[in-house]
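Notes for the one structure printed next.
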Amino acid sequence: MKALIINEQGLHLAEVEKPVVASGNALVKISASALNRRDQWIREGLYPKIELPVLPGSDACGEVIQVGDPIDTSWIGKRVIINPNNNWGENPKIQNRDYHILGMPTKGTLAEYISVPVDRLVNAPLFLSDEEAAALPLGGLTAYNAIVNKGELAKDKKVLISGVGGGVAQFAFQFALAVDAQVWVTSGKENVIGQCVALGARGGVNYKEPQAIKSLSKSVGGFDIIIDSAGGDGINTLLEALAPGGKYVLYGATKGLPSTLNLRNIFWNQLSVLGSTMGSDQDFSDMVQFVKKYQIHPIIDSIFSLTDGVQAFDHMKSGNHFGKIVVKP
Ligand SMILES: NC(=O)c1ccc[n+]([C@@H]2O[C@H](COP(=O)([O-])OP(=O)(O)OC[C@H]3O[C@@H](n4cnc5c(N)ncnc54)[C@H](OP(=O)(O)O)[C@@H]3O)[C@@H](O)[C@H]2O)c1
């Protein structure tokens, strides 16, 4: 089968063995996969514990065409998405030490077929296209845990989604709109801010202008929840944009560590700084239910064929996207 492979020669399309279906596993014929920044980090050698070669990809929608022994034929023919969590463990709040994400060390979804444990399969929501369903798993789960669980999202809360053009951030944005929160955004792209306003955001500013974030916060009266994956020095501006008692939820650190951190602001204003990573299997199930309840369609930036997979990665690297980048075998 065809698959995207990252090895010492870099990222390329390759012909690899079709997976053999082990007992307890299902073979899924992939109709659509989606990229996450994680895949590009692995390509750039910037992810922990890289074990080459890697068949990347954590998101997919497809059809179950075979199951291993013991045979549970009930899955055959079903259109499914795959829970990218492996070994989350018993504690709903924190993952196990041997927790890992589909797409390294196990073979991922940027291929024609994948074999996964049957308990990772979830019926794809009927109202979503294959491309939309493929876009959901990793980003949807990360956003759900960050904004719904950690941020305690609720109607009328004043929410700021930082870097809304990102694959995860767009879900946080949509989840916040779904519950009738008051939503503002930041982006490095004016056109993305405009699109978000058209979709229901109350406004937005460019994160490259800290003064604009300060003015926005002042006019809003401070945010109750800020969702961010950039970190870096921007964290101080975002923490200052919170209302007293507000929550700053961080699920990434694209901009690295801050050179300073205004601790007085954090304790004096009773702020919560919350880290968030993926979510438990229960969170995954809750996220899918939430998406079904509010009929949320993931924002698809672009669709590439698997043979153009390298260009899909380059597009993610360029940062010129809004929403998910989908790859189709
Ligand atoms: N902890 C977890 O479980 C988990 C899960 C998924 C992702 N992550 C991490 O979260 C980050 C985003 O992942 P992703 O898949 O959503 O990637 P992505 O689609 O590439 O999104 C990254 C976004 O970051 C935004 N950004 C860039 N510079 C920024 C800045 N200075 N301030 C605010 N936003 C900025 C950009 O927003 P605009 O396009 O609007 O400019 C960009 O679209 C990555 O670091 C990733 O490793 C962590």
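The values are calculated or read from the model by the stated rules, or taken from the named source; none is laboratory data. Keep in mind that what you see is a predicted model, and the values were worked out from it rather than measured. Note: ideal-geometry Cβ built from the backbone for every residue, glycine included; neighbour counts use all protein chains shown. All accessible areas refer to the heavy atoms of the entire protein, side chains included, with ligands and DNA or RNA removed. Shrake-Rupley method; radii C 1.70, N 1.55, O 1.52, S 1.80 Å.
Tell me, please, whether a residue that is of a type in the set (Lys, Arg), assigned to a helix (DSSP H, G or I), touching a Pro at 6+ places or on another chain (Cβ under 9 Å) and assigned by TED's automatic domain parsing to the domain that holds residue 26 can be found in the stretch 102-121. There is at least one residue in the stretch 102-121 that is of a type in the set (Lys, Arg), assigned to a helix (DSSP H, G or I), touching a Pro at 6+ places or on another chain (Cβ under 9 Å) and assigned by TED's automatic domain parsing to the domain that holds residue 26. State whether one or more residues within the stretch 260-273 are open to solvent by 40 Å² or more (accessible area, probe 1.4 Å), of a type in the set (Ser, Thr, Tyr) and touching a residue at least 40 places away in the same chain (Cβ under 8 Å). Looking through the stretch 260-273, none of the residues is open to solvent by 40 Å² or more (accessible area, probe 1.4 Å), of a type in the set (Ser, Thr, Tyr) and touching a residue at least 40 places away in the same chain (Cβ under 8 Å).
Every condition in (1) of a type outside the set (Gly, Ala, Ser); (2) more than 25 Å from residue 46 (Cβ to Cβ); (3) assigned to a strand (DSSP E or B) holds for residue 248 except the one numbered (2). Among the residues of the stretch 35-56, those identified as outside any loop (DSSP other than H, G, I, E, B) and in contact (Cβ under 8 Å) with a residue 12 or more places away in the chain are 37, 38, 39, 40, 42, 43, 54. Set side by side, the residues 211, 174 differ, and just one is closer than 28 Å to residue 317 by Cα, open to solvent by 60 Å² or more (accessible area, probe 1.4 Å) and of a type in the set (S, T, N, Q), which is 211. The set of residues in the stretch 177-205 that are in contact with a helix residue (DSSP H, G or I) (Cβ under 6 Å, 6 or more places away or on another chain) and assigned to a strand (DSSP E or B) comprises 183, 185, 187, 204, 205. Could you please let me know if residue 169 is buried (at least 24 other Cβ atoms within 10 Å of the Cβ) and more than 16 Å from the ligand (Cβ to nearest atom)? Considered against the rule, which asks whether it is buried (at least 24 other Cβ atoms within 10 Å of the Cβ) and more than 16 Å from the ligand (Cβ to nearest atom), residue 169 comes out as no. Remark: pairs (first residue in the stretch 301-329, in a strand (DSSP E or B) and away from the ligand (no atom under 15 Å from the Cβ); second residue of a type in the set (S, T, N, Q) and open to solvent by less than 60 Å² (accessible area, probe 1.4 Å); Cβ separation under 6 Å; 6+ apart in sequence or on different chains) = 328/305. Could you please let me know if residue 14 is farther than 11 Å from residue 103 by Cβ, open to solvent by 10 Å² or more (accessible area, probe 1.4 Å) and either of a type outside the set (Gly, Ala, Ser) or without any contact (Cβ under 8 Å) to a residue 40 or more places away in the chain (or both)? So residue 14 passes the test.
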